[in-house]
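The values are calculated or read from the model by the stated rules, or taken from the named source; none is laboratory data. Remember, predicted model here, so these are calculated numbers, not experimental data. Cβ atoms come from the backbone with ideal geometry, glycine included; neighbour counts cover every protein chain shown. What goes into the accessible areas is simple: the full protein's heavy atoms, side chains included, and nothing from ligands, DNA or RNA. Shrake-Rupley method; radii C 1.70, N 1.55, O 1.52, S 1.80 Å.
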Amino acid sequence: VKEINHSNSSIYINESFENLFDYINHIKKEEAFYLIDENVLSIHKNLFSNFSNIISIPSGEETKSIRYVNNIIGKLIELGANRKTFIIGIGGGVTCDVTGFIASIFMRGVNFGFVPTTLLAMTDASLGGKNGINFNNLKNILGVINEPDFVFVDYSFLKTLGYDEFLNGFAEIIKHACISSSNFFLHLEENANDYIKIVRDANNSSIDKLHNIICESIKIKLKVVDGDKNELNKRKMLNYGHSFGHAIEARHGIPHGAAVSLGIVFANVLSNKLGYLKEDSLNRITNLLERYNLPVDISSFDKKELIKWIEKDKKSSGQNIDFVFIQDIGDCFVKSLSIQKIID
Ligand SMILES: NC(=O)c1ccc[n+]([C@@H]2O[C@H](COP(=O)([O-])OP(=O)(O)OC[C@H]3O[C@@H](n4cnc5c(N)ncnc54)[C@H](O)[C@@H]3O)[C@@H](O)[C@H]2O)c1
């Protein structure tokens with residue numbers, strides 16, 4: 001097992017869920033409350049057979065809403081949760097976001113931890129302390145920055161993850177490579193066929209072979225977050241592909257990872273148009289996304305319409321938006337840009 005300590009969080013990578021309480025021995029198994037993604041709960045029910053205080057979290061982006069948060073808090077109270085309660089979120093990015101959000105406001109905040117069960121949550125959503133929910137379809141408009149006590153990564157959950165969900169995870173992994181590591185990008189290029197083969201039949205393959213890219217992605221995310229937890233500065237780089245990505249996700253109901261892939265292409269085209277990114281690097285990134293079977297065709301999207309969503313995004317202020325440009329693979333920068341300039 002690999003253990004990383006990051007600010008107040010301990011991150012345990014590649015350990016079996018059955019051993020969770022050996023690592024977090026200050027928490028009593030029978031006293032903790034568990035918010036578990038409904039699919040994880042039904043597919044892996046044997047793992048939770050002797051757990052009490054389980055609340056099933058409906059699958060889907062709609063769960064990141066005040067209505068569901070309300071509902072889940074009602075269940076916590078009904079089951080007797082109190083201000084000493086420890087909450088453990090087990091699921092993908094949706095469950096992690098909802099768990100972190102609820103734990104941060106429940107009784108003015110209780111401690112919490114994550115067991116991410118999707119590739120996207122293991123490599124991105126469970127890390128860094130952002131816990132947001134949506135409002136009126138606007139992504140992550142309500143939220144807190146508050147790190148979990150622990151993140152516990154058990155690869156065996158991935159054996160039951162659907163192929164498309166792996167691809168969503170690859171989108172954020174590729175994003176991490178684009179913003180900070182040309183070597184990692186090269187590795188993803190050279191091994192694309194192998195990784196796709198592994199996840200096509202995850203149940204029968206050696207999922208541990210994803211270890212290197214999971215660790216590298218975690219390392220990059222934590223490094224960028226480090227020292228800029230509140231996103232005043234370099235953390236903004238993690239929003240690469242997310243201005244258009246969030247707009248596409250909200251407007252078209254496309255899954256997060258796939259929307260980020262399209263958002264990356266939008267960001268690259270703009271970076272190229274403004275003279276920052278060379279055509280061959282732009283093509284290399286598009287090709288890599290395609291090799292991981294992610295969508296890259298932005299021709300059918302109405303840019304003007306997406307801009308309306310971008311204007312409402314957190315990253316915009318007045319007529320300007322903090323936009324993440326890329327100038328080379330592994331090298332991004334943030335620049336305030338007038339929204340008009342994106343349209344032109
Ligand atoms: N807080 C952050 O820093 C951050 C970063 C990136 C993304 N996010 C958020 O994460 C969300 C996307 O997360 P996601 O891609 O994990 O989606 P998700 O949580 O919706 O999970 C995807 C699907 O996989 C199912 N599932 C989960 N684990 C499984 C398993 N082991 N086996 C079988 N099925 C399983 C779920 O039921 C769901 O249907 C978005 O809302 C996005 O905004 C947050």
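Things worth noting here:
- Rounded tilt (10° steps) of 211-225 against the dominant C-alpha axis of the chain: 80 degrees
- Antiparallel beta bridges, as assigned by DSSP with both residues in the chain, represent about 50 percent of the total such bridges.
- With eigenvalues of the C-alpha gyration tensor scaled by 5 and rooted, region 1-139, Å: 21, 18, 16
- Hydrodynamic radius by Kirkwood, which averages 1/r over all alpha carbon pairs of region 185-311, in angstrom: 16.2 Å
- Unit Cα scatterers, Debye sum, region 87-146: log10 I(q)/I(0) for q = 0.16, 0.22, 0.23 Å⁻¹: -0.43, -0.79, -0.86
- Crossing angle, helix 242-252 versus the chain [Cα axis fit, 0-90 degrees, rounded to tens]: 70 degrees
- Cα-projected label distance for ASN70 with TYR163, points at 7 Å along beta-carbon direction, nm: 4.0 nm
- Amide H within-cut-off set for ASN146, under 5 Å, with H built and near neighbours excluded: LYS130, ASN131
- Gain on full extension, evaluated as 0.36 nm per residue between PHE51 and ILE77 minus their Cα-Cα distance, stands at 7.6 nm.
- Using only side-chain charges placed at the Cβ, +1 for Lys and Arg and -1 for Asp and Glu, the dipole size of region 16-145 relative to its Cα centre rounds to 400 debye.
- Taking the square roots of five times each eigenvalue of the Cα gyration tensor of the chain, the equivalent ellipsoid has semi-axes of 33, 23, 17 Å, listed largest first.
- Rounded to 10°, Cα long-axis angle of helix 256-273 versus longest principal axis of the chain: 20 degrees
- In straight-distance terms, cross-link reach from LYS75 covers every one of the lysines whose alpha-carbon lies under 19 Å from its own, apart from those fewer than eight places away in the same chain; here that gives LYS29, LYS64, LYS84.
- Residue-normalised accessible area of region 21-135, given per residue in Å² at a 1.4 Å probe: 42 Å²
- Counted charge near ASN146, where neighbours are those whose Cβ lies closer than 10 Å (Asp, Glu -1; Lys, Arg +1): +1
- Computed [θ] at 222 nm, deg cm²/dmol, the chain (DSSP H ≥ 4; -39,500 (n - 2.57); rounded to nearest 500): -12500 deg cm²/dmol
- Region 225-245 versus region 161-180: alpha-carbon centroid distance in Å: 17 Å
- Apportionment of accessible area to carbon and sulfur, the chain, percent (1.4 Å): 45 percent
- When the convex hull of its Cα atoms is projected in every direction, mean area for region 80-211 (nm²): 9.2 nm²
- Value of D in µm² per second that Stokes-Einstein yields for region 1-66, Kirkwood Rh from Cα pairs, at 10 °C (1.306 mPa s): 114 µm²/s
- According to the calculation over all Cα-Cα pairs in region 37-118, the P(r) per 10 Å bin from zero is 18, 56, 26, 0 %.
- q = 0.20, 0.22, 0.29, 0.30 Å⁻¹: log10 I(q)/I(0) that the Debye formula gives for region 141-185, counting C-alpha atoms only: -0.99, -1.00, -0.92, -0.93
- Note on region 228-273: semi-axes of the ellipsoid equivalent to its C-alpha gyration tensor, largest first and rounded to whole Å, are 20, 15, 7.
- 3J(HN,Hα) along region 26-40: 7, 10, 8, 3, 6, 9, 6, 10, 10, 9, 10, 3, 4, 6, 4 Hz, from the Karplus curve 6.51 cos²θ - 1.76 cosθ + 1.60 with θ = phi - 60°, whole Hz, x for Gly and Pro.
- DSSP bridge pairs, region 72-216: antiparallel proportion in percent, nearest 5: 40 percent
- Under 20 Å from LYS308, Cα to Cα: lysines that are on another chain or at least 8 residues apart: LYS139, LYS335, LYS341
- Taking amide hydrogens as placed 1.01 Å from N in the peptide plane, the amide H of ILE90 sits under 5 Å from those of LEU35, ILE36, ASP37, VAL115, each at least 5 positions away in sequence or on another chain.
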